[in-house]
Amino acid sequence: MQQDIPRRALIEMILGAAAISTTSLFVKVAHVGPTVSAFYRMAFGGAMLLVGLVALGQWKRVRLAEIAWLTIPAVAFAADLMLWHRSILYVGPGLATLLGNCQVFLMALAGFLIYRERLGWQFMLGVALAFVGLYLLVGLDWSRVSEQYRLGVVLGVATGVAYAIYMLSTRHAQRAGHVRIAPAQLLCVSSLLCAMILAMAALVEGDSFVLPDTQTWSALLGLGFFGQVLGWVLLTRAMPQLPASLIGLLLLLQPALSFLFDVILFARPTRALDWIGVGLSLVGIFIGSYRRPAPAAEPAPESA
């Protein structure tokens, strides 16, 4: 029998993915360095979550051991943001987001190596399609693009590696019982820990934390709200009510919309082959990440 899909959950899932798709745009228009913008994303977002949890009476005591375990994924996510924000500035929001979403293949590979999860033909087909799509996007002109653009592509791929480490370490901490706080508080604590790590990184780099203008303030507040609060709340409310296959498909709205926004708002030069490449990459990511529906879908802590 066909499963009935709750309309409200479907709308929340779409709006959540759309909200997160805007994060790369905020990074692009903020007049600060990539590490500083990452710091303010986590600091603003973490503070908003903290205020909300306290106001709703949902803040619980956090053990020191839990903070220690969450430091590991916080370091990984700090690295993820530092790499991704640089990739955004070098190759644009659309391609940087698409490259980062290739982490689904690394997650599947880690599941095979660590947890002995099976990799079916869908995974191999997904990898092949994504590789062909990315080759059409960047490989054909590789010898003609600038060194900075090439670096941006490499950083985008490295973003996926860092994000996979973040997801795996968070998953292990939860499944092993090292961290037992509720998801919203977990994200809040992780965000604030990540902000501390990014602040230290920015100091080492010699960056200034001064926000120079209203546009930057607006962009970074939007980055924190849409990336760390609104998008996450909508996704985690909707995901337990939807089939796993539909969740995977709707999550592709993030890289797809990011690429579309890049073309519309920043006039990214795009040929027919580029659109074919984007389409193949998205199909590959979906096929490669597809899993048989489980009794209850486990929500991801967040997306980059």
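The values are calculated or read from the model by the stated rules, or taken from the named source; none is laboratory data. What you see is a predicted model; the values in this text were computed from it and never measured. With ideal geometry, Cβ positions are generated from the backbone for all residues, glycine too; neighbour counts draw on all protein chains shown. Note: accessible area is taken over every heavy atom of the protein model, side chains too, but ligands, DNA and RNA are not part of it. Shrake-Rupley method; radii C 1.70, N 1.55, O 1.52, S 1.80 Å.
Based on this model, can you work out whether Arg86 counts as of a type outside the set (Val, Ile, Thr), open to solvent by 30 Å² or more (accessible area, probe 1.4 Å) and on the phi > 0 side of the Ramachandran plot? It is false that Arg86 is of a type outside the set (Val, Ile, Thr), open to solvent by 30 Å² or more (accessible area, probe 1.4 Å) and on the phi > 0 side of the Ramachandran plot. Of all residues assigned to region 201-215, none qualifies as being surrounded by fewer than 19 Cβ atoms within 10 Å (Cβ to Cβ), at pLDDT below 90, in a helix (DSSP H, G or I) and aliphatic (A, V, I, L, M).
Condition first: over 23 Å from the mean Cα position of the chain (by Cα) and open to solvent by 60 Å² or more (accessible area, probe 1.4 Å). Can you find one or more residues in region 145-162 that meet it? Within region 145-162, one or more residues are over 23 Å from the mean Cα position of the chain (by Cα) and open to solvent by 60 Å² or more (accessible area, probe 1.4 Å). Taking residues in region 146-157 that are touching a residue at least 24 places away in the same chain (Cβ under 8 Å), and partners anywhere that are of a type in the set (Asp, Glu) and in a helix (DSSP H, G or I), not one pair has Cβ atoms closer than 7 Å while being at least 6 places apart or on different chains. Can you tell me which residues in region 31-75 are crowded, with 21+ Cβ neighbours inside 10 Å, within 16 Å of Met200 (Cβ to Cβ) and aliphatic (A, V, I, L, M)? Selection gives Val36, Ala38, Met42, Ala43, Ala74. Scanning region 174-200 for residues that are open to solvent by 70 Å² or more (accessible area, probe 1.4 Å) and either in contact with a Pro (Cβ under 6 Å, 6 or more places away or on another chain) or not in a helix (DSSP H, G or I) (or both) yields one hit, Arg180. Of Ile197, Ile247, all but one fail to be of a type in the set (Val, Ile, Thr) and at pLDDT 90 or above; the exception is Ile197.
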